[in-house]
Amino acid sequence: MPSKKIHKILVANRGEIAVRIIGTLRKLSIASVAVYADNDADSLHCRLADEARPLGGGTLKDTYLNIQKIIDSALDAGADAIHPGYGFLSENAEFAEACRANNLIFIGPDAESMRLMGDKIRARQFAIDNDIPVVWGLVGSVEEIEAQAAALPYPVLIKASAGGGGKGMHIVEDASQLHLSLEQASREAEKYFGNGQIFIEQYIRNPRHIEVQVLADHHGNVIHLFERECSVQRRYQKVIEESPSPTLTEERRQAICETAVAICKSMNYRNAGTVEFILDENQNFYFLEMNTRIQVEHPVTEQRTGIDIVEEQIRIARGKVMGYTQDSIVANGHAIECRIYAEDPENNFMPAPAELTLYHEPKMRGVRIDSSIDRPTVISDSYDPMISKLICHGKTRESAIDISRNALKNYIVQTRKTNIPYLQSIIDNEDFLNNKIDTSYCEKHQNELVESMHKMRDEVKKEDVVALFLFYDFNKLYLENNNINNVWEEIGYWRFNMNIIVEADGVPYSVNVEKIRRKSLNCTINGQSYEVLLSQNGGGVNKVIINGTTESVFVSETSDNSYCVHLRGLDFICRRNDELNYTKDYSNIDSKNNDMTYCSPMPGKVIKVNVKEGDEVKEGDVLCVVEAMKMENNIKAMASAKVAKVFVNEGDKVDVKNILIELSI
């Protein structure tokens, strides 16, 4: 294949992956073109690109999934090539063909490779034909699968043939659950992927998820960049990825990587890809699927190998020989990636779209952050709620965990909900530390991990929070400016025996402020003496010594004249009140939830209502189904009862806490 010139590349994506690709294009002195929907007009990827082209408004089909609009944008901009990133059109064979039909280089594999591996049934058969191990499975219509229900080796896993990202997947423990699960999986597959075909395979209990990064050029060279383990998942979506796998023996590592290379050679694959496997408790591995694109977690591999995978993708697309041979690749240390999401781990990981008022990344050695946020913004419910990726690299797994722990504590994302405390709970969990995990780890340990989140918060003394807040409140001129211009600012604000009330998370604390000087505060809170000293001021996060203990603290104002104190990865809301004006009533209010009122867990759309007023329902019955962020959420009865009132109809849009259905006993 002759080498091709590439002067300008259109990035057919948004968010952090678009920003990451544009970064490599800058390094290579290749011009970049961004595309954007109306609600992304001021996004970082548009501001970083050399030029940006609008896709208009409307749904994803009107914007980031509109092949013709993206092709036209590339042609109008004079681009030579298109990089699809991941998601959206990255594995769309028609898009790859449209690029090549318009003399645009598609930075990815050919359409036939996409079709082969994009259809899980075809991919499974391909693996069988090439003597690649797969688990037992069954292909057919819903009726054909049901006809063989008695012979199935339960538990089984239902999958969408065209699926990915865990959508449409259901574990079935016995034949009684099969019919409803098959129907729901087929319906979800049709909705998400436009293809309702499903298949089932034997479900391996306590499996590990291992994937191998591969690169292949047009000159017959295929190499692997070692493996990643992605066993920490929720809702079949990866949460934490690491490399190398702490599970594989060296023999199994070599075997699984060589198998991934063999698959690529057998299908004449070109460009970057990831071959995914399931690993059982005896270290037997089975082919799962192949992602014919760059992966979300590719930075884990880049941090270990020093190889820019996007750069290699472009090199391969140009027809050049890869810049590496298998023997030249050396993997160093251990890397861990934590995905930062706007979601609520205590509410079944429901996405939490909201305004993001403050964003501050930790700056420390061994930390890489891939993000598309550099200012206050809105986390939209139109897209995946991932905020960023935190990648930490150390000499050993233990050091990578330590770096991750410190980075999470100093990662400031102020919005309605994030999973940062949940990630901290995982990083500190003994089973994770000792690698006693599998793909059901999050599900099995959900209550324990949530309790750990609460424990982390309870272990922070609220008096410490109040003292740190007051230290900032009295010293913010210096802390924010760090530039003393006259003797009065040098002296600072001081007053003895000043009595005030401070709320911390709604609870009042009585404070006697005894001495205030620049860089120090002495006070008594609920009878306990506090001395706060500034240790280091810089980068927005202050290192402060409070009663002899050093803490990193960040304080910011909120929109309602309160302050948010960020301490140990947690946010606490504080408000100062003068005693004379202090009128808030702190009497106990009975706020017990009514289990017979069912509300929407998040903004979404009602796609099914199964009951009407007067119906009798049993515990576990599905009352209605709310679709949000491409997921179906079954609203189930918590007890046997009678339907008192139905507030919604199919097709209604609902917001968080909108009442859907009321039951009465």
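Here are some notes:
- Filter result for LYS436 (at pLDDT below 95 and either of a type in the set (Lys, Arg) or under 16 Å from LEU408 (Cβ atoms) (or both)): no
- Per the conditions (1) more than 24 Å from LEU567 (Cα to Cα); (2) not in a strand (DSSP E or B), the sole criterion not satisfied by GLU346 is (1).
- Matching residues in segment 403-455 - criterion: being part of a helix (DSSP H, G or I) and of a type in the set (Gly, Ala, Ser): SER404, ALA407, SER425, SER452
- The set of residues in segment 26-51 that are in contact with a helix residue (DSSP H, G or I) (Cβ under 9 Å, 6 or more places away or on another chain) and assigned to a loop (DSSP other than H, G, I, E, B) comprises LEU28, ILE30, SER43, ALA49, ASP50.
- Exactly one residue among VAL532, VAL487 is in the same structural domain as ASP571 (by TED's automatic domain parsing) and modelled with pLDDT of 90 or more, and that residue is VAL532.
- Considering only residues in segment 205-220 that are outside any strand (DSSP E or B) and within 25 Å of the chain's Cα centre (by Cα), the one that is modelled with the lowest pLDDT turns out to be ARG205.
- Put simply, of GLU337, GLU289 the only residue that is in a strand (DSSP E or B), under 27 Å from CYS442 (Cα atoms), of a type in the set (D, E, K, R) and in contact with a Gly (Cβ under 8 Å, 6 or more places away or on another chain) is GLU289.
- Top-ranked residue in segment 221-256 [being at pLDDT 95 or above and part of a loop (DSSP other than H, G, I, E, B); ranked as surrounded by the fewest Cβ atoms within 10 Å (Cβ to Cβ)]: THR249
- Any chance ASN561 is modelled with pLDDT under 90 and part of a strand (DSSP E or B): no
- Segment 119-152: number of residues that are among the small types (Gly, Ala, Ser) and within 15 Å of SER186 (Cβ to Cβ): 2
- Test: LYS630 is at pLDDT below 65, in the same structural domain as GLY651 (by TED's automatic domain parsing), within 32 Å of the chain's Cα centre (by Cα) and of a type outside the set (Phe, Trp, Tyr): yes
- Residue within segment 173-196 that is among the hydrophobic types (A, V, I, L, M, F, W, C) and outside any helix (DSSP H, G or I) present: no
- Subset of segment 352-402 (residues that are within 23 Å of PRO601 (Cα to Cα), of a type outside the set (A, V, I, L, M) and part of a loop (DSSP other than H, G, I, E, B)): PRO353, THR357, SER380, ASP381, SER382, TYR383, ASP384, PRO385
- Taking the criterion of being touching a Phe, Trp or Tyr at 6+ places or on another chain (Cβ under 7 Å) and free of Cβ contacts under 8 Å to residues at least 24 places away in the same chain, the residues of segment 36-56 that qualify are CYS46, ALA52, PRO54, LEU55.
- Qualifying position, being at pLDDT 95 or above and of a type in the set (Asp, Glu), among GLU443, GLU448: GLU448
- Filter result for ILE158 (assigned to a strand (DSSP E or B) and either farther than 22 Å from THR439 by Cα or within 29 Å of the chain's Cα centre (by Cα) (or both)): yes
- Sole residue being surrounded by fewer than 22 Cβ atoms within 10 Å (Cβ to Cβ), free of Cβ contacts under 8 Å to residues at least 60 places away in the same chain and polar (S, T, N, Q), chosen from SER452, SER399: SER452
- Pick from segment 72-123, criterion over 27 Å from the mean Cα position of the chain (by Cα) and β-branched (Val, Ile, Thr), ranking: farthest from VAL310 (Cα to Cα): ILE121
- Taking the conditions (1) surrounded by 17 or more Cβ atoms within 10 Å (Cβ to Cβ); (2) under 21 Å from ALA127 (Cβ atoms); (3) in the same structural domain as MET169 (by TED's automatic domain parsing) in turn, GLU188 satisfies each one other than (2).
- Residue within segment 505-513 that is modelled with pLDDT under 90, surrounded by fewer than 18 Cβ atoms within 10 Å (Cβ to Cβ) and assigned by TED's automatic domain parsing to the domain that holds LEU570 present: yes
- Residue match in segment 323-334 (condition: surrounded by fewer than 21 Cβ atoms within 10 Å (Cβ to Cβ), within 23 Å of LYS238 (Cα to Cα) and out of contact with any helix residue (DSSP H, G or I) (no Cβ under 8 Å at 6 or more places or on another chain)): no
- Only a single criterion out of (1) part of a loop (DSSP other than H, G, I, E, B); (2) farther than 21 Å from ASN271 by Cβ; (3) in contact with a strand residue (DSSP E or B) (Cβ under 8 Å, 6 or more places away or on another chain) is not satisfied by ALA79, namely (2).
The values are calculated or read from the model by the stated rules, or taken from the named source; none is laboratory data. Since the structure is predicted, the reported quantities are computational estimates derived from the model, not experimental observations. Positions of Cβ are backbone-derived with ideal geometry, glycine not excepted, and every protein chain shown enters the neighbour counts.
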